[in-house]
1. Looking only at residues that are at pLDDT below 75 and not in a loop (DSSP other than H, G, I, E, B) in segment 12-58, which one is nearest to S71 (Cα to Cα)?
2. What are the residue pairs meeting all of these: first residue in segment 86-106, first residue under 22 Å from V53 (Cα atoms), second residue among the hydroxyl-bearing types (S, T, Y) and modelled with pLDDT of 75 or more, Cβ atoms under 8 Å, and 6 or more apart or on different chains?
Amino acid sequence: MEVLSGQSDGIYHTNNFYLYYNPAVNRFQYFRYDFDLSLGAVQSWYNMVNPNVLTWGFDSYGRLILSRILSVPSFQAIYIKYLRRHMESYFNPWSTLIDRANEIGQMVAPVSSE
């Protein structure tokens, strides 16, 4: 999701997330918070809008975890599967994305100019 939302203040900079090993499910779980630098908010600092999704973050502080995960072919295949799924649903402008963004824009418009 961070790649698709242009988020630079998470795993990209090893910031604002927790990685937790949950023994109950025998998996690592990723908990993310603080999305203030999403959707290309710092495009002037970092190319977050149109990077290669297979090398995204390889030039950042998060490069160690990102490159290690994506260097495993089976993990890369899972990553691509999830990217496609999200691009066909949440990030598809012809789905509900544009309508929802406009809806949120109308809600915050009264206070955004203060």
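1. So the residue we want is Y12.
2. Between residues of segment 86-106 that are under 22 Å from V53 (Cα atoms) and residues that are among the hydroxyl-bearing types (S, T, Y) and modelled with pLDDT of 75 or more, the close pairs are S95/S89; L97/Y90.
The values are calculated or read from the model by the stated rules, or taken from the named source; none is laboratory data. Note that this is a predicted model, so its numbers are computed, not measured. Neighbour counts are summed over all protein chains in view; Cβ atoms, including those assigned to glycine, are modelled from backbone coordinates with ideal geometry.
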